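Presented below is the structure to which this report refers.
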Amino acid sequence: MIPVNEPLLNGNEKKYLNQCIDTGWISSEGPFIKEFEEKMAAKVGRKFGIAVSNGSVAIDAAILALGIGEGDEVIMPTFTIVSCAAAIVRVGAKPVLVDCNPDDWNMNVDEIEAKITDRTKAIMVVHIYGLPVNMNAVIAIAEKHGLKIIEDAAEQHGQLYDGKPIGSFGEISTFSFYPNKHITTGEGGMIMTDDEALAEKCRSLRNLCFIPAKRFIHYDLGFNFRMTNLQAALGLAQLERLDEFIAIKRAMGKKYTSLLKDVKGIQLPLEKNNEAENIYWVYAIVLDDTVGFDAEGAMKKLAEKKIGTRPFFWPMHEQPVFHKMGLFKNETYPVSERVARRGFYLPSGLALRPDDIDVVCDAVRAILK
Ligand SMILES: *Cc1c(COP(=O)(O)O)cnc(C)c1O
């Protein structure tokens, strides 16, 4: 089986993990946390990084820190992971959706302005798969209407938009370090901001809202969203290699595209959009309507050939959990609905060998013949 994802852990990971064990620093009090936060902030061009236990709770903390709550609206893409909408719904606010682009699958920024009401507080952008959202357009809309920007950068560590690091936009941004992301800590996430008060609020939410003056007395309810020193040890080792990892992903994407560009019946990822070159978080393809089976069928055929794949996101407006809450009923976003059914991604983890790409592409060609 060629797995859909396998991380590369052959740098300083073992060395730093051994240091944790040798020194006994395994909890969130260990020294690697601060070092990882500072190095990540430097890489992303932010003043503060707050390491947390995963990318989903990073979004929860970001929404809470911004004070978004009951009755507020946040505009976001329907084509994304559930964590984005869940964070908004959990505080009693309402996610207001826009469709995605047919070519890079990022939120269609032309649909944002029509969705703004006097309850709109923020725009949540999510950079999808390997190319960033059209940030210049989002920033212009946010400035014009006095809205905040939350940037979910979980899929694009090390990417640049118009020369500026992804994760450096808006009031607050979030990363995930799940094993299929560009750098991993096993499970993990980080919130990034330039605003000291927001950073302090996130640190407090991460650690049960303890107050420094008197422990075990609480004025707010927080969470245990803490990252461990063990995770930060992995993160530091991974971060040292981020540029190298991006180069590996780009070479992988280029090889896939060169081998698949003549195959009829599939749409390949764009090599670039206006402001960025693809970093291929995953190598994603969409079946043309002329192909007689959908993504589920294709993934089954590829599994029979021992090729691991994953489906695209399933849109937020088609999620049973949100229908149950009375959200998004009768809403339709045709581009997202189509790519959710026709799209999937091929093995594209960092440990994938170039020879495996040949095997995968032969299999893709065979099932489409
Ligand atoms: C992976 C991912 C997350 C969630 O991260 P976890 O660490 O798995 O909780 C959030 N947003 C996007 C866009 C992601 O791809």
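Every number in this text was worked out from the coordinates using simple rules, so none of it is lab data. Please read these numbers as outputs of a predicted model, since none were measured by experiment. As a convention, Cβ positions derive from the backbone with ideal geometry for all residues, glycine included, and neighbour counts pool all protein chains shown.
A Cβ-based charge dipole, computed about the Cα centre of the chain with Lys and Arg at +1 and Asp and Glu at -1, lands at about 740 debye. Between the residues 274, 285, 309, the greatest Cα displacement towards the positive end of the dipole of the stretch 274-315, with unit charges on the Cβ of Lys, Arg, Asp and Glu, is found for 309. In order along the stretch 178-193, the phi-based Karplus estimate (6.51 cos²θ - 1.76 cosθ + 1.60, θ = phi - 60°) of 3J(HN,Hα) comes to 4, x, 8, 7, 4, 10, 10, 10, x, 10, x, x, 8, 9, 10, 7 Hz; Gly and Pro are listed as x.
Computed with the Debye formula from one identical point scatterer per Cα of the stretch 242-368, without solvent, the log10 of I(q)/I(0) at q = 0.10, 0.13, 0.14, 0.20 Å⁻¹ comes to -0.36, -0.59, -0.68, -1.15. Taking residue 254 as the anchor, which aspartates and glutamates have their alpha carbon closer than 13 Å to its alpha carbon, excluding any fewer than eight residues away along the same chain? Residue 254 reaches 271, 277, 358. Computed extension length for residue 145-residue 243: 31.7 nm, one decimal, from 0.36 nm per residue of separation with the Cα-Cα distance subtracted. The label point for residue 210 and the one for residue 27, both projected 7 Å from the Cα toward the Cβ, are 0.7 nm apart. Between residue 130 and 281, the built amide H atoms are under 5 Å apart, and every one of these is 5 or more places off in sequence or on another chain.
For residue 124, the residues whose amide H sits under 5 Å from its own are 75, 76, 150, ignoring neighbours fewer than 5 places away on the same chain, with H placed 1.01 Å from N. Applied to the stretch 348-353, the Karplus parametrisation 6.51 cos²θ - 1.76 cosθ + 1.60 on θ = phi - 60° returns per-residue 3J(HN,Hα) values of 8, x, 5, 8, 4, 8 Hz, with x for Gly and Pro. Close amide-amide hydrogen proximity is noted between residue 159 and 166, each under 5 Å apart and 5 or more residues distant or on a separate chain (H modeled in the peptide plane; Pro and chain starts excluded). Rounded to the nearest 20, the size of the Cβ-charge dipole of the stretch 242-368 about its Cα centre is 260 debye, with Lys and Arg at +1 and Asp and Glu at -1. Look at where the Cα atoms of the stretch 324-345 and of the stretch 200-217 average out, and the two centres are 39 Å apart.
Selection among 30, 106, 77 by position relative to the dipole of the stretch 13-239 gives 30 as farthest towards the positive end (Cβ unit charges, Cα centre). Bridges between two residues of the stretch 13-239, per DSSP, are antiparallel at a rate of about 50%. Hand me the trypsin sites (Lys or Arg not before Pro) from the stretch 1-50 located in a DSSP loop with no more than 16 other Cβ atoms within 10 Å, in residue order please. The qualifying sites are 47. By the beta-carbon count within 10 Å of each Cβ, the least crowded to most crowded order of 110, 22, 104, fewest first, is 22, 110, 104. Principal axis extents of the Cα atoms in the chain, from largest to smallest and rounded to whole angstrom, are 69, 55, 38. Checked against a 31 Å cut-off, the cross-linked pairs 15/261; 14/301; 264/305 give Cα-Cα distances beyond that limit for 15/261; 14/301.
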